[in-house]
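Okay, so here's the structure we're looking at.
The values are calculated or read from the model by the stated rules, or taken from the named source; none is laboratory data. Note that the coordinates shown come from a computational prediction; the quantities given were computed from them, not determined experimentally. Using ideal geometry, Cβ is built from the backbone for each residue, glycine included, and neighbour counts are taken over all protein chains shown. The protein model used for the area step is the full one, side chains on, heavy atoms only, and it has no ligands, DNA or RNA in it. Shrake-Rupley method; radii C 1.70, N 1.55, O 1.52, S 1.80 Å.
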Amino acid sequence: MTKIAEVKMLVETGKAKKIGACVQEALDEGVKASDILEAMIDSMGVVGDKFSAGDIFVPEMLIAAKAMSKGVEVLKPMLAGDGSTSLGTCIIGTVAGDLHDIGKNLVAMMIESSGFDLVDLGVDVPAQRFVDAVNENKNVVLVACSGLLTTTMPALKEAVQTIKAALPEMKVIVGGAPVTPEYAAEIGADGYAPDAGSAGVKAKELVS
Ligand code: B12
């Protein structure tokens, strides 16, 4: 089995203890960090499909997520930039009712590496908390909201509308698997990106 296939298998079977070493071995063999990340994201798709099909349940999704996070920890130094410049502060969080954070964490990493200072509010963030965080932190230029469930898309809308009502000039970027560019525009967000790499690029575009 190739190292990358092994990494995928370790994510799908949720082997958090073994994955760090395996990711490191893949890197040592010359596999690119971005290819390893892509393979792990693919694996989370496989996990989601198995969940939809009723072959696995929430605990298995959770251990797969833990394994993915451990793998990302090893890749982080290769994927993130040096953060030496600052375009301002970005507040990020997953909206109320939603506990998914892997995608949000990857987006946070790429926005940070695009030159922003980052304040991560975590998951299940009430709309007003985004506004409070803008007021509590210095030089906030962007708020990024993540939503992974169709049932939390209304919470995404509430977050954007609460931010815009309190802070009309603040730029807001949204994303997450069920979010489309059309939905982002409809709820009044300034930007949308489908993945972490393009989130970094879009974030920069929005504030320049
Ligand atoms: C892992 C996982 C979990 C874990 C989460 C652990 C964690 N720490 O994150 C746990 C077990 C907690 C979980 C719980 C649930 N989950 Co879940 N979960 C997943 C799974 C398998 C992977 C998600 C993931 O990490 N993907 C990998 C990352 C890298 O991708 P991503 O999140 O999409 O992020 C990328 C983009 O969307 C984008 N992006 C994300 N955020 C943002 C933000 C901005 C600003 C931008 C620009 C871009 C952006 O960039 C990211 C990086 O490239 C998905 C299946 C799937 N295919 O996604 C289901 C999935 C999302 N879950 C689902 C469900 C149903 C649930 C539960 C309701 C199950 C239950 N019955 O309890 C609960 C809900 C709990 C809650 N209240 O949130 C469904 C959602 C269906 C739907 N359409 O609403 C999915 C799709 C599974 C399925 N096929 O049915 N889950």
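Residue count for segment 162-184, restricted to those that are part of a helix (DSSP H, G or I), within 13 Å of the ligand (Cβ to nearest atom) and crowded, with 18+ Cβ neighbours inside 10 Å: 2.
Taken as a whole, the structure places L121 among residues that are under 13 Å from the mean Cα position of the chain (by Cα) and more than 12 Å from the ligand (Cβ to nearest atom).
Every residue in segment 82-114 that is open to solvent by 50 Å² or more (accessible area, probe 1.4 Å) and in contact with a Lys or Arg (Cβ under 8 Å, 6 or more places away or on another chain), please. Selection gives L87 alone.
I want to confirm something. Restricting to segment 56-65 and keeping residues that are surrounded by 16 or more Cβ atoms within 10 Å (Cβ to Cβ) and more than 19 Å from E38 (Cβ to Cβ), which single residue is nearest to the ligand (Cβ to nearest atom)? So that I can check it myself, show each step before the final result.
Quick first cut of segment 56-65, residues surrounded by 16 or more Cβ atoms within 10 Å (Cβ to Cβ) only: 56, 60-61, 63-65.
Pick out the ones that are also more than 19 Å from E38 (Cβ to Cβ) and you get 56, 60-61, 63.
On the way: I56: 9, E60: 8, M61: 4, I63: 9 Å.
Per the stated criteria, the residue is M61.
Looking only at residues of segment 43-54 that are surrounded by 13 or more Cβ atoms within 10 Å (Cβ to Cβ) and more than 6 Å from the ligand (Cβ to nearest atom), we find that the one that is farthest from T2 (Cα to Cα) is K50. Is it true that some residue in segment 44-54 is part of a helix (DSSP H, G or I), within 25 Å of A80 (Cα to Cα), within 17 Å of the chain's Cα centre (by Cα) and not assigned by TED's automatic domain parsing to the domain that holds L99? Within segment 44-54, one or more residues are part of a helix (DSSP H, G or I), within 25 Å of A80 (Cα to Cα), within 17 Å of the chain's Cα centre (by Cα) and not assigned by TED's automatic domain parsing to the domain that holds L99.
Which one is nearest to the ligand (Cβ to nearest atom) among residues in segment 188-198 that are of a type outside the set (D, E) and either surrounded by fewer than 21 Cβ atoms within 10 Å (Cβ to Cβ) or at pLDDT 95 or above (or both)?
Narrowing segment 188-198 to residues of a type outside the set (D, E): 188-189, 191-194, 196-198.
Checking which are either surrounded by fewer than 21 Cβ atoms within 10 Å (Cβ to Cβ) or at pLDDT 95 or above (or both) leaves us with 188-189, 191-194, 197-198.
Working: G188: 14, A189: 9, G191: 7, Y192: 6, A193: 4, P194: 6, G197: 7, S198: 7 Å.
Here the answer is A193.
Would you check if T94 is touching a Cys at 6+ places or on another chain (Cβ under 9 Å) and within 20 Å of G200 (Cα to Cα)? When the stated conditions are applied, T94 passes them.
One line per residue, one yes/no per condition, for (1) within 16 Å of G88 (Cα to Cα); (2) within 13 Å of the ligand (Cβ to nearest atom); (3) surrounded by fewer than 16 Cβ atoms within 10 Å (Cβ to Cβ):
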{"position": "F116", "(1), (2), (3)": "yes, yes, no"}
{"position": "K138", "(1), (2), (3)": "yes, no, yes"}
{"position": "T151", "(1), (2), (3)": "no, yes, yes"}
{"position": "E186", "(1), (2), (3)": "no, no, yes"}
{"position": "S208", "(1), (2), (3)": "yes, no, yes"}
